[in-house]
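Note sheet for the following structure.
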Amino acid sequence: MKKFRLLISVLILFAVILGACQAQEPAMEEKELFRVAVVMPSAINDLAFSQSMYDALLVIQTEMGGAEAMEIVYSDGMFVVDDAAAAIRDYATEGFDLVIAHGSQYGSSLQEIAPDFPETSFAWGTTVDTFGIDNIFAYEAASHEGGYVNGVIAASLSESGVLGVVGPIETGDAKLYVDGFVAGAKATNPDVQVNVNYIGSFSDVALASEAANTHVAAGADGLTGTAQMVVGAIGVAEESGAMWFGTQSSQTELAPSVVVANQVYRWDVVLNEIIDLMDEGTLGGKSFVIGLANGGEVMDFNEAYELPEDVKSLAMDTVDGIIDGTITINLGE
Amino acid sequence: MSNSNQEKWGPKLIDALLPVFATIAALLVGAVMLLLLKVNPIEAYRAMWDGAFGSQNAVAETLTKATPLLLVGLGICISFRGDVINIGGEGQMIVGAILGTLIGITLVDWPGWAVIPFALITGFIGGAIWGGIPGVLKAYFSVNEILSTVMMNAIAVQLMNFLLRGPMIDPSQAELASKIPQTARLLDTFRLPRWVPTRLHLGALIAVVLAILVYILLWRTTWGYRIRAVGQNPDASKYAGVKVRNYIVLALILSGAFAGLAGVMQVYGVNYRMITDGSASGFTGSAGFNGIVAALFGGLHPIGTIPASILFGALLVGANKMQRVVQVPSALITALNGLVVVFVVSSEIWRRRRQKKRLAEASPEGEGITPEGSGPGDSPGSEKEVES
Amino acid sequence: MISDLFSMTVLIGILASGIRLATPYLYAAIGETFGQRSGVLNLGVDGQMLLGAFTAFYVAIKTGNLWLGILAAMIVGALMGLAMAFVTVNLHAEQGISGIGFYLFGLGLSDLLFQKLLGTVETVKGFPKVDIPFLSDLPVVGEIFFRQNILVYIAFALVPIAWFILNKTTLGLKIKAVGENPEAADSLGVSIARIRYFTIILGGTLSGVAGASMSIALLNVFQQNMTSGLGFIAVALVYFGAWRPWGVLGGALLFSLVNSLQLWIQVLGIPVPSDIAVMMPYILTILVLVATVSRVRAPSALTKPFERGD
């Protein structure tokens, strides 16, 4: 009576054994092609984290001469850590030159995988920890820098003296940006009120939208936020006429009438450095930070928004101040 | 007395392979989608096979993926048999993992052989609690379990975020600006042994052993009998003196416990720390939902769930490989996953119809003993399946 | 700080936000109510919503016609409903599971279509707010209730309509009979299949509109997985509302109001950790249900396929 189940189990066992007996065959690509694989947690068009990296890779590809010179391969939507680990390991096995693990949750996996592939270069973001392993590069965004500048502009322009922030979850890159924004706003106008709301999700657009509505109802005339669900908040900004400050990518297209400035991530700055090092034979062991100083973060102003001259020069002065160190950002709660 | 001994092999075999046929049908529909995306389906599916069974490493990955599915599935076998729908597997995995990880990051001076079982048991208990709460709510407050488990899932996620970025955060992260919400890494001695150089861990074997134990529980113990009796006919059971409420709670406690074990095993066997991206599926890989599907594929029978989880695990692992090789967006993989589930679930009707026909033919009066819609064709043991 | 919560602005804000947040839940949950009353559990609502949201958005952007977008969303939702109906009624598939399958399919397909057909995130000029004449000038109440989007009004109007259909029409009687006692209904000549096809397709249609209400009315944007599990909550709310439209309304409002309350708690700086605040609507929903213990029974045939002669 259990025989048929036994048979199924045997069949499956058979398939398993058959598979296990096969030798593993790594791909053999001997062209001069520079092959990059990237694993990321969300979609490549999320207008936030993952898109910023994918766009950077495209920039590099164009610089290098197109798809014949550089192959880009990606696995998106890898928010499950062990799926991402399998992907990273697989790309390394397939002989990719550089495997980018674009998600802070992939670190543990990288620690295991990198030593198994000494010929492959790995890059991990967003953090500065290379685990002391010599084929891991680490990269991070000093998102608080652009956040600070956004905060400065926002506080200068705000007539109501109230600003609103819509964040996803209170960790990592998001928290860094938000803290920077708050610091910049307070430094410009100590009486300004910055209300912060973390909605507890990276994807709940509706909640982000209502959070923005709440800010507006509380008197905010300037809003900012980070992560992909922020598109909901941008819509509210446009509707209510509140100013919007973006980060990670340029969000001007979404609301050209209210976007003032964006902190755009230019990961290609870091990628270029990594590629140069790889050419020299260094496969890792260094960490990079994109910031205002190295052009990895760029303050992108919306041409269509009429920014008063004095505020604009204040913003540029702030950028200079951060770069040369005269302005220190106090992140603290 | 079951007369299945008299039944032939052949038809039974086809019955059991129905999920496979249905999967193939779903993949055919998937091929149409691939063609629309200008992808060669043959190349794509070859990559899928490669990814699932094409090498020693692939097989190990498949089995590793199958482990949480099997564990959650075992719990589902228990709860569905008790007529309780537990869709709280995600939350139960999370809570089990939280408690189990807590053990590993605090008891750093203890030896591995003590910590690992302790942690696994704690995870089991954690899941039991998170499943038990909806159980009590259903049994004593008539709160429907679909509602409560959906809510508990969301609560568990926020709890995880709170703990992982706060009290349980990796001390080395707390100083860094990046502040990744993860716990400290488990000591090497605390890890489940692996079949090096693959990622296959002892948990897989433990899961199979547990499957046998669950089978024994459901069909050879009084508890199991009563859970099933309550599931099939609560009124008759009540008149027979069974405390229906208690067994509803038990079904959910056990179901949650297995999901909790699945969660803690992911930590001790695969990731070696608990880490989140803020969502439930970031940690669980949707095993809380997929496990339900695996259990169904296996006919809600603990032993049947073993090949079912391997099949489903193969599908998931293979699909990811397919994504890498032919570079389709992972959204396609999700849609394909859904198609497979719908097709396999739809194929059940043929299995049931074939069973009915066989039983009707075998029974002298031609009346046949009709099994419950969601049960397997035959269950070893001395009880008949009674239609409710 | 906590006293800030009781100012007029805040209370108005909470109520207005709550009404908006409740809208998609209402569409989806009312639709699901019909299905469940006839004995069918559909866990695929979230997937239907996402496909509806994308379809409405795409059509609206390409044609510039918002109502066409709504129509398209309804058709897509109905098609998904048709598939679910076939699988449930004719193939007797296990409903909880088939629902999850449809959810995954809708989630993946909407994302895929979004990536391939649109490519980037963009916004659309969605349904504007409509002030109901005279009523919108009422103090306080006017701002909360009568200055909303037309799709919001329709959602709330659905509640009495659903109540009427279920309780005052023969159709409603048949639906309830099919859900409570299919054998009896069958013997009286009611076509179980036809009723269930109707309710499931209706549910799908309404889920499609729920999604559209998000993408071309309330939020005016489409993003991957923008519903973020909303559909599952909507299904849970049907249980909360004891399968009655007014109960479902109560559940949707409770959940949404507490959600907007926690947003305000964070904005006002009341020292609650953000994750704990986010938990509030979920915990409260359970607590309210526990507190209002009532021996309400589900439709007896819920999740059980019907086969004549069983």
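Quick note: the coordinates plus some simple rules give every number you see, no bench work behind them. Nothing here was measured: the structure is a model prediction, and the numbers come from that model. Here the Cβ is made from the backbone with ideal geometry for all residues, glycine too, and neighbour counts use every protein chain on show.
Summarising the amide proton neighbourhood of A:W124: residues at separation of 5 or more, or on other chains, whose placed amide H is nearer than 5 Å comprise A:A101, A:F137, A:A138, A:Y139.
Could you sort the peptides A:213-226, C:150-163, B:314-327 by per-residue average Cβ neighbour count (10 Å cutoff), highest mean leading? Walk me through the numbers on the way to the answer.
Numbers: A:213-226: 25.9, C:150-163: 18.6, B:314-327: 23.6.
By packing density, highest mean first, the sequence is A:213-226, B:314-327, C:150-163.
Peptides C:217-224, C:181-188, C:28-35, B:122-129, ordered by how many other C-beta atoms sit within 10 Å of their residues on average, highest first, read C:28-35, C:217-224, B:122-129, C:181-188.
Please pull out the direction-averaged projected area of the range B:4-362, using the convex hull of its alpha-carbon atoms, in nm² to one decimal place.
On the way: hull surface 81.6 nm².
With every direction weighted equally, the projected area is 20.4 nm².
Neighbour counting of Cβ atoms within 10 Å sorts the residues C:V209, B:V214, fewest neighbours leading, into B:V214, C:V209. The mean number of Cβ atoms from other chains found within 10 Å of a Cβ in peptide B:46-54 is 3, as a whole number. Of the peptides A:239-251, B:259-271, the order by per-residue mean of other Cβ atoms within 10 Å, starting with the highest, comes out as B:259-271, A:239-251. If only the Cβ of Lys and Arg carry +1 and only the Cβ of Asp and Glu carry -1, the dipole of the range C:27-240 around its Cα centre is close to 340 debye.
Charges only on Cβ, +1 for Lys and Arg, -1 for Asp and Glu: so what's the dipole of the range B:4-362 about the Cα centre, in debye to the nearest 20?
Details: 29 positive and 16 negative charges, 188 e Å.
So the dipole magnitude of the range B:4-362 works out to roughly 900 debye.
For A:H102, B:H201, what ranking results if the residue with the fewest other Cβ atoms within 10 Å of its Cβ goes first?
Details: A:H102 27, B:H201 22.
Least to most surrounded, the residues fall as B:H201, A:H102.
Peptide C:212-224 has a mean of 5 when you count, residue by residue, the C-beta atoms of other protein chains within 10 Å of its C-beta. Angle between the Cα long axis of helix C:8-37 and the longest principal axis of chain C, 0 to 90 degrees, nearest 10? Relative to chain C, helix C:8-37 is tipped by roughly 10 degrees. Could you pull out the longest piece of chain B with no exposed loop GluC sites (Glu not before Pro) in it, calling a site exposed if DSSP puts it outside H, G, I, E, B and it has at most 10 other Cβ atoms within 10 Å? After excluding every exposed loop site, the longest remaining stretch is B:1-364.
Is it possible to state the helix-based mean residue ellipticity at 222 nm for the protein assembly as shown, with each DSSP H run of 4+ residues giving -39500 (n - 2.57), the sum divided by total residues, to the nearest 500 deg cm²/dmol? What is it? Mind dumping the intermediate values first?
Working: 37 runs with 613 residues, N = 1031.
-20000 deg cm²/dmol, from helical runs alone.
Normalised by the number of residues in chain C, the average gap of Cα pairs under 8 Å and 6 or more apart makes the relative contact order 36 percent. Helix C:150-168 versus the longest principal axis of chain C: what is the Cα-based angle in degrees, 0 to 90, to the nearest 10? The answer is roughly 40 degrees.
Angle check, please: helix C:95-113 long axis (alpha carbons) against the longest principal axis of chain C (alpha carbons), in degrees 0 to 90, nearest 10. Here the helix axis deviates by roughly 50 degrees.
Output needed: percent of Cα pairs per 20 Å distance bin for the protein assembly as shown, bins running from 0 to the one holding the longest distance. Values per bin, smallest distances first: 13, 46, 34, 7, 0.
Would you tally the net charge around B:L69, using a Cβ to Cβ cut-off of less than 14 Å, leaving B:L69 out, and scoring K and R as +1, D and E as -1? Can you show the working numbers first?
Working: positive: B:K65; negative: A:D82, A:D83, B:E61, B:E90.
Charge balance in the 14 Å sphere: -3.
Quick one: how many lysine pairs in the range C:27-240 have C-alpha atoms under 29 angstrom apart, if they're 8 or more apart or on different chains?
Working: C:K62/C:K116; C:K62/C:K125; C:K62/C:K129; C:K116/C:K125; C:K168/C:K176.
Close lysine pairs found across the range C:27-240: 5.
Per-residue shielding of C:232-241, expressed as the average number of other chain Cβ atoms within 10 Å of the residue Cβ, stands at 4. Relative to the 2.2 N^0.38 Å rule of thumb, the range C:27-240 has a C-alpha radius of gyration ratio of 1.06. Write down the percent of antiparallel bridges among all DSSP beta bridges whose residues are both part of the protein assembly as shown, to the nearest 5. The antiparallel proportion sits near 20 percent. Counting neighbouring Cβ atoms within 10 Å and putting the fewest first, the residues A:V270, B:V328, B:V95, B:V29 line up as B:V29, B:V328, A:V270, B:V95. Would you mind calculating the relative contact order of chain A from Cα pairs under 8 angstrom and at least 6 residues apart, reporting the percent as a whole number? With pairs under 8 Å counted, the relative contact order is 17 percent.
Over the range B:4-362, how many pairs of lysines fall under 17 Å by alpha carbon, counting only those 8 or more apart in sequence or from different chains?
Working: B:K8/B:K356; B:K8/B:K357; B:K12/B:K356; B:K12/B:K357; B:K65/B:K321; B:K138/B:K238; B:K138/B:K243.
Eligible lysine pairs with Cα atoms under 17 Å apart amount to 7.
Can you tell me the relative contact order of chain B? Whole percent, Cα pairs under 8 Å, sequence separation 6 or more. Numbers along the way, then the final one.
Working: 671 pairs, mean separation 123.0, N = 388.
Worked out over chain B, it gives 32 percent.
Cα-based Rg of the range C:10-111 per 2.2 N^0.38 Å, rounded to two decimals?
Numbers: Rg = 15.4 Å, N = 102, 2.2 N^0.38 = 12.8 Å.
With N residues counted in the range C:10-111, Rg over 2.2 N^0.38 Å equals 1.21.
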